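Peer 1: What follows is a structure written as structure tokens; I'll ask about it next.
The values are calculated or read from the model by the stated rules, or taken from the named source; none is laboratory data. What you see is a predicted model, and the numbers here were worked out from it, not measured in a lab. Positions of Cβ are backbone-derived with ideal geometry, glycine not excepted, and every protein chain shown enters the neighbour counts. Note: accessible area is taken over every heavy atom of the protein model, side chains too, but ligands, DNA and RNA are not part of it. Shrake-Rupley method; radii C 1.70, N 1.55, O 1.52, S 1.80 Å.
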Amino acid sequence: MQIDPAARPVREIYRLLIGCVVPRPIAWVSSLSADGVANLAPFSFFTIAGDDPPLLLFCPLRRPDGAPKDTLRNVQATGEFVIHIVSEPLAAAMNQTAAEYPYGVDEFAQAGVTPVPSLRVRPPRVAEAPVAFECCAHRIVELERSAVVIGRVLLIHLRDEVYHEGYIQLAALQPIARLAGNSYARVTDTFELARPGGASAAPPTPAPPDA
């Protein structure tokens with residue numbers, strides 16, 4: 001089977017992409033409007049863009065009329081945001097913030113999560129999140145139906161049990177990932193492969209002290 005994206009409806013290609021490119025980590029992004037109203041929204045077009053300097057990127061899609069969604073609008077105005085990693089206990093709250101609220105609605109309140117002050121940027125972070133990256137906008141690349149927001153990581157917040165002897169503890173982090181439709185995935189079944197010609201890029205994650 002061959003599919004020519006130019007000959008198919010956009011919605012069909014969207015479903016194909018999100019069904020094939022799985023699992024996708026979720027960036028739960030907090031931002032602040034120019035007049036100081038907090039916003040919180042999830043994005044599954046999300047990955048690492050570099051390590052020196054540390055860069056993360058996420059891609060907010062535009063509304064059907066081409067207007068930017070609230071997060072992009074806020075980042076364009078302020079140049080700051082916080083990216084959180086979504087753990088399984090926060091799945092329902094994260095999903096609540098995916099709803100289409102009018103501009104200016106505080107999604108922290110809608111989701112029932114706690115905003116706490118960040119240290120390097122103005123947008124608050126989610127107190128319940130196990131990992132939070134305070135970011136400034138490094139570059140915004142405008143595309144046809146979306147934008148690529150590249151953020152430089154200024155400060156990383158880690159819950160103590162998530163980080164042990166230099167490594168992230170997957171069992172403590174409990175990250176969830178986006179699939180297609182209403183489906184999500186847990187990262188509970190893993191395996192290891194050493195790189196050919198030498199040791200793996202990183203040693204196996206050590207067990208937590210109480211394991």
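Peer 1: Pairs please, first residue from region 126-139 and farther than 23 Å from GLN174 by Cα, second anywhere and among the basic types (Lys, Arg) and surrounded by fewer than 23 Cβ atoms within 10 Å (Cβ to Cβ), Cβ atoms under 6 Å, 6+ apart in sequence or on different chains.
Peer 2: So the pair list comes out as CYS136/ARG152; HIS138/ARG152.
Peer 1: Condition first: under 16 Å from the mean Cα position of the chain (by Cα) and within 20 Å of ASP160 (Cβ to Cβ). Now tell me which residues in region 90-126 satisfy that.
Peer 2: LEU90, ARG125, VAL126
Peer 1: Sticking with this structure for a sec: Could you list, in sequence order, the residues of region 55-67 that are under 15 Å from the mean Cα position of the chain (by Cα) and open to solvent by 40 Å² or more (accessible area, probe 1.4 Å)?
Peer 2: Listed by number, the list holds a single entry, LEU61.
Peer 1: A further question follows. Counting only residues that are closer than 25 Å to TYR103 by Cβ, touching a Lys or Arg at 6+ places or on another chain (Cβ under 9 Å) and open to solvent by less than 40 Å² (accessible area, probe 1.4 Å), how many does region 1-38 have?
Peer 2: So the answer is 5.
Peer 1: For region 69-91, name all the residues that are farther than 25 Å from LEU154 by Cα and either surrounded by 21 or more Cβ atoms within 10 Å (Cβ to Cβ) or in contact with a helix residue (DSSP H, G or I) (Cβ under 8 Å, 6 or more places away or on another chain) (or both).
Peer 2: Passing the criteria: none in range.
Peer 1: Do any helices (runs of 4 or more DSSP H) entirely within region 9-100 hold 3 or more residues that are under 19 Å from ALA180 (Cβ atoms), and if so, which?
Peer 2: Working: elements: 10-20, 70-78, 91-96.
Output list reads 10-20, 91-96.
Peer 1: Which of the residues spanning region 143-175 are open to solvent by less than 90 Å² (accessible area, probe 1.4 Å), more than 12 Å from ALA49 (Cβ to Cβ) and part of a strand (DSSP E or B)?
Peer 2: Across region 143-175, the qualifying residues are SER146, ALA147, LEU154, LEU155, HIS157, LEU158, HIS164, TYR167, ILE168, PRO175.
Peer 1: Does any residue of region 179-193 turn out to be of a type outside the set (S, T, N, Q) and either in a helix (DSSP H, G or I) or touching an Asp or Glu at 6+ places or on another chain (Cβ under 8 Å) (or both)?
Peer 2: yes
Peer 1: Within region 57-72, is even one residue touching a Cys at 6+ places or on another chain (Cβ under 9 Å), closer than 22 Å to GLY151 by Cα, modelled with pLDDT of 95 or more and not aromatic (Phe, Trp, Tyr)?
Peer 2: No, because not a single residue in region 57-72 is touching a Cys at 6+ places or on another chain (Cβ under 9 Å), closer than 22 Å to GLY151 by Cα, modelled with pLDDT of 95 or more and not aromatic (Phe, Trp, Tyr).
Peer 1: Residue under question is SER118, and the condition is that it be in contact (Cβ under 8 Å) with a residue 12 or more places away in the chain and farther than 30 Å from PRO9 by Cβ; does it hold? If you could, list the steps in order and put the result at the bottom.
Peer 2: On the way: in contact (Cβ under 8 Å) with a residue 12 or more places away in the chain: yes; farther than 30 Å from PRO9 by Cβ: yes.
Here the answer is yes, as SER118 does meet what is asked.
Peer 1: Right, next: With respect to the numbered conditions (1) within 26 Å of ALA171 (Cα to Cα); (2) open to solvent by 40 Å² or more (accessible area, probe 1.4 Å), which one is the sole condition not fulfilled by GLU100?
Peer 2: (1)
Peer 1: Just to be sure I understand the filter: pairs with C-beta atoms under 8 Å, separated by 6 or more residues or on different chains, first member in region 45-74 and of a type in the set (Ser, Thr, Tyr), second member open to solvent by 30 Å² or more (accessible area, probe 1.4 Å). Which pairs pass?
Peer 2: Going by the 8 Å Cβ cut-off, the qualifying pairs are THR47/PRO25; THR47/LEU57.
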